[in-house]
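One structure below.
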Amino acid sequence: MVRKNFVLFALGIFLFSCASMPSNRPPPQPQEVVVKVQAADPAKVTVQKQPQDQVNKSMEVPNPEGRLSQLSFISKDKAFVKIFSGLSVADVTRLWNDLVVLENNTNIRDVNLFINSPGGDAFSGLALADQIERARRKGFKITAHASGIIASAAVPVFAVCNIRLAAPGTIFMVHEAALWKWPGRETASDIRSQNELMHLLRDRYIGKLVDNSKLDKTKWEELEKKTTWFSANKALNWGLVDSIE
């Protein structure tokens with residue numbers, strides 16, 4: 001029993017001595033990953049080899065203080081914005097956000113606006129048209145690409161762009177503004193007030209079309225009053241479309 005215990009004790013000392021001996025192998029080299037966030041070309045991603053086999057991955061992320069809305073993106077030196085539904089305050093908010101980000105965080109001033117919309121809220125349509133006109137005054141070039149349907153409140157949005165392109169099958173429509181009201185009691189003053197509102201909306205709506213087409217106010221009023229559907233070719237003849245593609 002004494003001999004057995006002595007052997008185990010000697011073996012333990014030997015293993016402890018081996019574990020304590022310094023190793024001749026070099027320690028593992030650190031692997032460094034660096035992410036830089038700064039305004040730059042979003043397509044630029046570089047991987048560089050550093051001394052001692054350190055890996056440095058440098059990824060430049062554009063627009064650190066803002067981002068484009070969900071329906072918009074940047075490709076090279078152009079921005080692409082989509083309006084593919086009935087117009088609402090959400091569309092106004094998204095376009096305003098995108099134009100602010102492009103103006104303050106990039107040098108991109110070429111914006112392509114894709115529109116396929118049946119219209120919607122008249123105030124939102126006019127607000128979108130106002131934003132596009134403001135962007136043009138600041139040096140933006142807005143190219144509209146129409147397809148499917150451009151109707152009602154979407155027509156002035158399309159009309160005020162720098163360049164208006166339409167797919168051959170695009171259908172346009174203008175009509176009178178309408179009020180949607182829950183059934184209830186109304187006074188004569190309410191009706192007069194609503195009438196004033198409708199006149200203001202009509203003047204602003206037709207004014208956008210007159211300023212951006214070959215037709216005069218009288219002709220647009222006539223078309224708007226009876227609800228008029230027209231083709232891309234007719235829109236081209238009227239000066240509402242610059243080219244059919």
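Derivation of every value follows stated rules applied to the coordinates shown; laboratory data play no part. Not measured: the values here are computed from a predicted model. Cβ atoms come from the backbone with ideal geometry, glycine included; neighbour counts cover every protein chain shown.
Data for the structure
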item: Label-point gap, in nm, between Asp211 and Arg109 - each point 7 angstrom along Cα→Cβ; result: 2.0 nm
item: Normalised convex hull volume, segment 63-185, alpha-carbon set, Å³ per residue; result: 121 Å³
item: Burial order of peptide ranges 91-102, 133-144, 202-213, 178-189 (average beta-carbon count within 10 Å, highest first); result: 91-102, 202-213, 133-144, 178-189
item: Cross-link pairs Lys78/Lys234; Lys208/Lys234; Lys78/Lys138 - those with Cα-Cα distance over 23 Å; result: Lys78/Lys234
item: Segment 138-245: relative contact order in percent, alpha carbon pairs under 8 Å with at least 6 residues between; result: 35 percent
item: Cut-off 15 Å between beta-carbons: net charge of the residues surrounding Ala146, Lys and Arg +1, Asp and Glu -1; result: +1
item: Whole-Hz ³J(HN,Hα) from phi, Karplus 6.51 cos²θ - 1.76 cosθ + 1.60, for segment 198-213, glycine and proline x; result: 4, 5, 4, 4, 5, 4, 5, 4, 5, x, 5, 6, 4, 5, 10, 7
item: Ranked packing of 236-245, 120-129, most packed first, by mean Cβ within 10 Å; result: 120-129, 236-245
item: Where labels lie 7 Å past Cα in the beta-carbon direction, separation of His199 and Glu176 in nm; result: 1.5 nm
